[in-house]
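Throughout, read-outs are computed from the coordinates displayed, never taken from laboratory work. All values reported here derive from a predicted model rather than from experimental measurement. Glycine also receives a Cβ, built like all others from the backbone with ideal geometry; neighbour counts cover every protein chain displayed.
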Amino acid sequence: MSVSIAVETPLSDDVRRLIAALNETALALTPREFTHHLTVEQMAGPEMTVFVARENGLAIAMGALRRHPGAIGEVKRMYTLPDYQGRGIGGRILSEIETLARREGLKALVLETGSNFFAALRVYERAGFRSSGPVLDYPPSPHTAFFEKPLLVSVSA
């Protein structure tokens, strides 16, 4: 079946279900005090763009771009339903996020994820993200991994 990816509001019932599934998965893998969830309403803010993957109308995956001062983009809320994992959907969403970030002139993408979210770590590494120190205002912890990817290359004279 064909998977489509489009910008959508997170306020729809089926996207809310994806977000709830992501939260449940994250809390099963990471102590609550080390999670950095956003509410659906926060995800609907003007600094966020949410991408949703659908197959036969069913919302099966998502990811978001959050814009920060200094032309920094943050990859947020990446999730694919378990039955759809391993099909490259997360990588496709990440590519859409990067394309939008480049089009908007952002200079880098950063992200924070669980250090034991092994499938996510592989997606980010395949997309050219590199491990980094803490990003934005996230505190370091043994449960956290940080990644970054420069988008604009400076040219020296």
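For the chain, what does the relative contact order come out to in percent, with C-alpha contacts under 8 Å and a separation of six or more? Present the calculation step by step, with values, prior to reporting the outcome.
Working: 252 pairs, mean separation 30.8, N = 157.
Computed over the chain, the figure is 20 percent.
Once you charge only the Cβ atoms, +1 for Lys and Arg and -1 for Asp and Glu, what is the size of the charge dipole of the chain about its Cα centre, to the nearest 20 debye?
Using only the charged Cβ atoms, the result is roughly 380 debye.
Compare the Cα positions of L58, A20, F147 along the charge dipole of the chain (+1 at Cβ of Lys, Arg; -1 at Cβ of Asp, Glu; about the Cα centre) and return the one farthest towards the positive end.
Value computed over the given set: F147.
Quantify how much of the Cα-Cα distance distribution of the stretch 82-157 extends past 19 Å, in percent.
42
Residue by residue, what Karplus-based ³J(HN,Hα) values in Hz, rounded to whole numbers, does the stretch 71-78 have, using 6.51, -1.76 and 1.60 with θ = phi - 60° and x for Gly and Pro?
6, 9, x, 10, 7, 10, 6, 6
Report, in cubic angstrom per residue, the convex hull volume of the C-alpha atoms of the chain.
So the per-residue Cα hull volume is 121 Å³.
From the backbone phi of the stretch 13-23, what are the Karplus-calculated ³J(HN,Hα) couplings (6.51 cos²θ - 1.76 cosθ + 1.60, θ = phi - 60°) in whole Hz, Gly and Pro given as x?
Ordered by residue, 3J(HN,Hα) equals 4, 6, 6, 4, 5, 4, 5, 4, 5, 4, 4 Hz.
Residue separation times 0.36 nm, minus the C-alpha to C-alpha distance between S141 and E104: what's the value?
Values: separation 37, 0.36 × 37 = 13.32 nm, distance 3.14 nm.
10.2 nm is the gain from fully extending S141 to E104.
What FRET efficiency comes out for the pair R87/E47, r = Cβ-Cβ distance, R0 = 25 Å, nearest 0.05?
E(calc), rounded to 0.05, equals 0.25.
Taking the beta-carbon count within 10 Å as an exposure proxy, list R77, R32, R126 from fewest neighbours to most.
Lowest to highest Cβ neighbour count: R32, R126, R77.
What FRET efficiency, computed as 1/(1 + (r/R0)^6) with R0 = 25 Å and r the Cβ-Cβ distance, is obtained for A28 and R126, rounded to the nearest 0.05? Let's see the in-between values first.
Working: r = 24 Å, r/R0 = 0.96.
E between A28 and R126, to the nearest 0.05, is 0.55.
Given the C-alpha centroids of the stretch 58-79 and the stretch 92-138, what is the distance between them in whole angstrom?
For the stretch 58-79 versus the stretch 92-138, the Cα centre distance is 9 Å.
5 Å is the cut-off here: which amide hydrogens, built 1.01 Å from N in the peptide plane, fall below it relative to A145, excluding neighbours closer than 5 in sequence?
T113, G114, S115
Show me, for the stretch 107-114, the HN-Hα J-couplings you get by feeding each phi into the Karplus relation (A = 6.51, B = -1.76, C = 1.60, θ = phi - 60°), rounded to Hz, glycine and proline as x.
Karplus-based 3J(HN,Hα) across the stretch 107-114 equals 8, 7, 10, 10, 7, 10, 8, x Hz.
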